[in-house]
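Working notes, structure below.
The values are calculated or read from the model by the stated rules, or taken from the named source; none is laboratory data. Please read these numbers as outputs of a predicted model, since none were measured by experiment. Methodologically, a virtual Cβ is constructed for each residue, glycine included, from the backbone with ideal geometry; neighbour enumeration extends over all protein chains shown. Just the protein is used for accessible areas: all its heavy atoms, side chains included, with ligands, DNA and RNA removed. Shrake-Rupley method; radii C 1.70, N 1.55, O 1.52, S 1.80 Å.
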Amino acid sequence: MTQTKERRLSSFGPLQLADHLGVPHWWWLERAQRLGLVDGPDRAGGRWSADAADRIRERLDGLRPKVGALPDMGAGRAVEVLGERLGIEVSGDAVRELVRTGQLQVIGAYKERPLYWGRALEALAGRADAAAVLAQAERDGRLMIAGEAAAYLRIRRSDFGHLVRAGVVTPADWGRSRYGQYVALYRALDLDGVAEHPGVDLDAVRATPAGRRSPLATLPTASGEAR
(Lines give C-alpha, C1' and ligand atoms only; values in the text may rest on other atoms or scores of the structure.)
Protein backbone atom coordinates (compact mmCIF):
# COMPACT_ATOMS: atom_id res chain seq x y z
CA MET A 1 0.00 0.00 0.00
CA THR A 2 2.83 2.36 0.80
CA GLN A 3 4.46 1.81 -2.59
CA THR A 4 1.15 2.51 -4.34
CA LYS A 5 0.76 5.74 -2.41
CA GLU A 6 4.32 6.79 -3.28
CA ARG A 7 3.79 6.12 -7.00
CA ARG A 8 0.82 8.45 -6.97
CA LEU A 9 2.77 11.34 -5.44
CA SER A 10 3.77 13.95 -7.96
CA SER A 11 6.06 15.75 -5.54
CA PHE A 12 7.76 15.14 -2.21
CA GLY A 13 8.50 17.15 0.89
CA PRO A 14 11.92 16.58 2.51
CA LEU A 15 10.78 13.82 4.88
CA GLN A 16 8.67 12.17 2.18
CA LEU A 17 11.62 12.25 -0.18
CA ALA A 18 13.94 10.64 2.37
CA ASP A 19 11.40 7.86 2.91
CA HIS A 20 10.89 7.50 -0.85
CA LEU A 21 14.65 7.13 -1.37
CA GLY A 22 14.97 4.71 1.54
CA VAL A 23 17.50 6.82 3.46
CA PRO A 24 17.34 8.08 7.08
CA HIS A 25 15.93 11.53 7.61
CA TRP A 26 19.25 12.80 9.02
CA TRP A 27 21.05 11.48 5.93
CA TRP A 28 18.95 13.65 3.68
CA LEU A 29 18.13 16.67 5.83
CA GLU A 30 21.30 17.11 7.87
CA ARG A 31 24.00 15.87 5.54
CA ALA A 32 23.28 15.59 1.82
CA GLN A 33 21.53 18.96 1.61
CA ARG A 34 23.88 20.74 4.01
CA LEU A 35 26.92 19.59 2.03
CA GLY A 36 25.30 20.71 -1.22
CA LEU A 37 25.49 17.23 -2.71
CA VAL A 38 21.96 17.29 -4.11
CA ASP A 39 19.86 19.82 -5.96
CA GLY A 40 17.34 21.83 -4.00
CA PRO A 41 13.57 21.65 -4.44
CA ASP A 42 12.29 22.23 -7.94
CA ARG A 43 8.65 22.73 -6.93
CA ALA A 44 6.93 25.44 -4.95
CA GLY A 45 6.69 25.00 -1.21
CA GLY A 46 10.11 23.39 -0.88
CA ARG A 47 9.13 20.17 -2.65
CA TRP A 48 10.86 17.91 -5.16
CA SER A 49 9.13 16.63 -8.28
CA ALA A 50 8.95 12.92 -9.06
CA ASP A 51 11.47 13.45 -11.90
CA ALA A 52 13.90 15.16 -9.50
CA ALA A 53 13.46 12.30 -7.04
CA ASP A 54 14.29 9.79 -9.78
CA ARG A 55 17.46 11.68 -10.70
CA ILE A 56 18.59 11.69 -7.08
CA ARG A 57 17.84 7.97 -6.74
CA GLU A 58 20.11 7.27 -9.71
CA ARG A 59 22.95 9.01 -7.86
CA LEU A 60 22.46 7.33 -4.48
CA ASP A 61 25.33 4.85 -4.79
CA GLY A 62 27.74 7.67 -5.52
CA LEU A 63 26.35 9.84 -2.74
CA ARG A 64 26.56 7.29 0.06
CA PRO A 65 30.37 7.44 0.56
CA LYS A 66 30.26 11.25 0.59
CA VAL A 67 27.37 11.48 3.04
CA GLY A 68 28.58 8.68 5.30
CA ALA A 69 26.80 6.17 7.48
CA LEU A 70 26.94 7.91 10.87
CA PRO A 71 24.72 10.83 11.88
CA ASP A 72 25.99 13.74 13.93
CA MET A 73 25.77 12.80 17.61
CA GLY A 74 26.36 13.87 21.18
CA ALA A 75 29.28 12.86 23.38
CA GLY A 76 27.55 9.86 24.95
CA ARG A 77 26.69 8.26 21.63
CA ALA A 78 30.11 9.16 20.16
CA VAL A 79 31.78 7.30 23.03
CA GLU A 80 29.59 4.26 22.36
CA VAL A 81 30.16 4.26 18.60
CA LEU A 82 33.95 4.57 18.84
CA GLY A 83 34.08 1.91 21.55
CA GLU A 84 31.95 -0.50 19.53
CA ARG A 85 33.85 0.01 16.29
CA LEU A 86 37.32 -0.20 17.83
CA GLY A 87 36.63 -2.72 20.58
CA ILE A 88 38.12 -0.51 23.30
CA GLU A 89 36.85 1.64 26.13
CA VAL A 90 36.49 5.30 25.20
CA SER A 91 35.71 8.19 27.54
CA GLY A 92 34.13 11.57 27.05
CA ASP A 93 37.47 13.11 28.02
CA ALA A 94 39.09 11.42 25.01
CA VAL A 95 36.37 12.70 22.67
CA ARG A 96 36.85 16.27 23.92
CA GLU A 97 40.62 15.90 23.50
CA LEU A 98 40.14 14.85 19.89
CA VAL A 99 38.26 18.11 19.34
CA ARG A 100 41.08 20.10 20.97
CA THR A 101 43.62 18.49 18.63
CA GLY A 102 41.46 19.01 15.54
CA GLN A 103 40.88 15.31 14.88
CA LEU A 104 37.15 15.60 15.53
CA GLN A 105 34.82 18.50 14.75
CA VAL A 106 31.83 19.93 16.56
CA ILE A 107 29.17 20.50 13.91
CA GLY A 108 26.44 22.07 16.04
CA ALA A 109 24.62 21.77 19.32
CA TYR A 110 21.53 20.11 20.76
CA LYS A 111 20.10 21.45 24.02
CA GLU A 112 23.31 23.46 24.48
CA ARG A 113 25.46 20.33 24.22
CA PRO A 114 27.91 19.78 21.36
CA LEU A 115 27.11 17.57 18.41
CA TYR A 116 30.09 15.81 16.86
CA TRP A 117 30.36 15.43 13.09
CA GLY A 118 29.44 11.88 12.09
CA ARG A 119 31.72 11.90 9.04
CA ALA A 120 34.73 12.75 11.21
CA LEU A 121 33.83 9.99 13.68
CA GLU A 122 33.51 7.53 10.82
CA ALA A 123 36.86 8.58 9.35
CA LEU A 124 38.58 8.33 12.72
CA ALA A 125 37.17 4.87 13.43
CA GLY A 126 38.41 3.72 10.02
CA ARG A 127 42.02 4.79 10.54
CA ALA A 128 44.65 2.08 10.93
CA ASP A 129 46.08 3.92 13.95
CA ALA A 130 42.69 4.72 15.49
CA ALA A 131 43.30 2.71 18.67
CA ALA A 132 46.65 4.45 19.24
CA VAL A 133 45.10 7.87 18.58
CA LEU A 134 42.33 7.17 21.11
CA ALA A 135 44.82 5.88 23.68
CA GLN A 136 46.84 9.09 23.37
CA ALA A 137 43.69 11.18 23.67
CA GLU A 138 42.71 9.24 26.79
CA ARG A 139 46.08 9.97 28.41
CA ASP A 140 46.35 13.61 27.37
CA GLY A 141 42.70 14.55 27.78
CA ARG A 142 41.97 13.07 31.18
CA LEU A 143 40.20 15.74 33.25
CA MET A 144 40.66 16.00 37.00
CA ILE A 145 39.30 18.11 39.80
CA ALA A 146 41.86 19.99 41.90
CA GLY A 147 42.38 17.24 44.48
CA GLU A 148 42.92 14.64 41.77
CA ALA A 149 45.28 16.98 39.91
CA ALA A 150 47.35 17.47 43.07
CA ALA A 151 47.58 13.70 43.51
CA TYR A 152 48.54 13.32 39.85
CA LEU A 153 51.45 15.73 40.39
CA ARG A 154 52.23 14.11 43.76
CA ILE A 155 51.99 17.39 45.63
CA ARG A 156 49.78 18.71 48.42
CA ARG A 157 46.41 20.22 47.65
CA SER A 158 47.67 23.53 49.05
CA ASP A 159 50.66 23.38 46.70
CA PHE A 160 48.32 22.95 43.78
CA GLY A 161 46.39 26.00 44.96
CA HIS A 162 49.54 28.07 44.51
CA LEU A 163 49.92 26.78 40.94
CA VAL A 164 46.38 27.88 40.19
CA ARG A 165 46.85 31.25 41.89
CA ALA A 166 49.98 31.88 39.85
CA GLY A 167 48.31 30.87 36.58
CA VAL A 168 50.75 28.01 36.06
CA VAL A 169 47.72 25.76 35.55
CA THR A 170 44.30 26.86 34.37
CA PRO A 171 41.04 24.94 33.99
CA ALA A 172 40.56 23.11 30.70
CA ASP A 173 36.84 22.74 31.38
CA TRP A 174 34.19 22.96 34.07
CA GLY A 175 31.93 20.31 35.51
CA ARG A 176 29.38 19.89 38.27
CA SER A 177 30.03 18.30 41.62
CA ARG A 178 27.60 15.89 43.28
CA TYR A 179 26.20 18.94 45.07
CA GLY A 180 25.50 20.76 41.80
CA GLN A 181 28.35 23.26 42.15
CA TYR A 182 30.61 24.14 39.24
CA VAL A 183 34.15 22.81 39.70
CA ALA A 184 37.29 23.46 37.67
CA LEU A 185 38.67 20.53 35.67
CA TYR A 186 42.35 20.27 34.79
CA ARG A 187 43.78 18.40 31.80
CA ALA A 188 46.51 15.78 32.19
CA LEU A 189 48.65 17.10 29.33
CA ASP A 190 48.65 20.59 30.88
CA LEU A 191 49.69 19.12 34.22
CA ASP A 192 52.52 17.24 32.52
CA GLY A 193 53.98 20.59 31.49
CA VAL A 194 54.06 22.06 35.01
CA ALA A 195 57.59 20.79 35.69
CA GLU A 196 58.91 22.86 32.78
CA HIS A 197 57.49 26.12 34.11
CA PRO A 198 60.07 28.67 35.32
CA GLY A 199 60.10 28.94 39.10
CA VAL A 200 58.52 25.52 39.66
CA ASP A 201 60.69 22.81 41.22
CA LEU A 202 58.39 19.89 41.78
CA ASP A 203 61.10 17.81 43.45
CA ALA A 204 61.57 20.53 46.07
CA VAL A 205 57.82 20.84 46.52
CA ARG A 206 57.44 17.10 47.01
CA ALA A 207 60.28 17.07 49.52
CA THR A 208 58.71 19.79 51.69
CA PRO A 209 57.49 18.27 54.98
CA ALA A 210 53.87 18.59 56.02
CA GLY A 211 53.22 21.83 57.84
CA ARG A 212 56.09 23.65 56.14
CA ARG A 213 55.58 26.59 53.81
CA SER A 214 55.34 25.60 50.15
CA PRO A 215 58.19 26.67 47.86
CA LEU A 216 55.43 27.65 45.45
CA ALA A 217 54.16 30.33 47.81
CA THR A 218 56.70 32.77 46.35
CA LEU A 219 55.20 32.50 42.85
CA PRO A 220 53.66 35.82 41.79
CA THR A 221 49.88 35.91 41.59
CA ALA A 222 48.63 35.93 38.02
CA SER A 223 46.83 39.01 36.82
CA GLY A 224 43.13 38.73 37.52
CA GLU A 225 43.52 36.05 40.17
CA ALA A 226 41.97 36.70 43.56
CA ARG A 227 44.50 37.25 46.30
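A few notes on this one:
- Note on D203: accessible area approximately 110 square angstrom, rounded to 10, probe 1.4 Å, nucleic acids and ligands left out.
- Put E30, E122, E58, E112 in order of accessible area, highest first, and with a 1.4 Å probe you get E112, E58, E30, E122.
- The range 145-206: chymotrypsin sites (Phe, Trp or Tyr not before Pro) in DSSP coil with no more than 14 other Cβ atoms inside 10 Å: Y179
- Positive-end ranking of Y152, G45, A135 along the dipole of the range 28-184, with charges on Cβ about the Cα centre, is headed by Y152.
- Largest accessible area first, the listed residues S91, S10, S223 line up as S223, S10, S91 when surface is computed with a 1.4 Å probe on the assembled protein chains.
- Accessible area of the chain divided out per residue, in Å², using a probe of 1.4 angstrom: 59 Å²
- Around the Cα centre of the chain, unit charges on the Cβ atoms of Lys, Arg, Asp and Glu (plus for the first two, minus for the last two) sum to a dipole of about 540 debye.
- The share of accessible area on the range 1-121 that comes from carbon and sulfur is 50 percent, using a 1.4 angstrom probe.
- Of interest is the spacing of the C-alpha centroids, which for the range 110-157 and the range 178-213 amounts to 20 Å.
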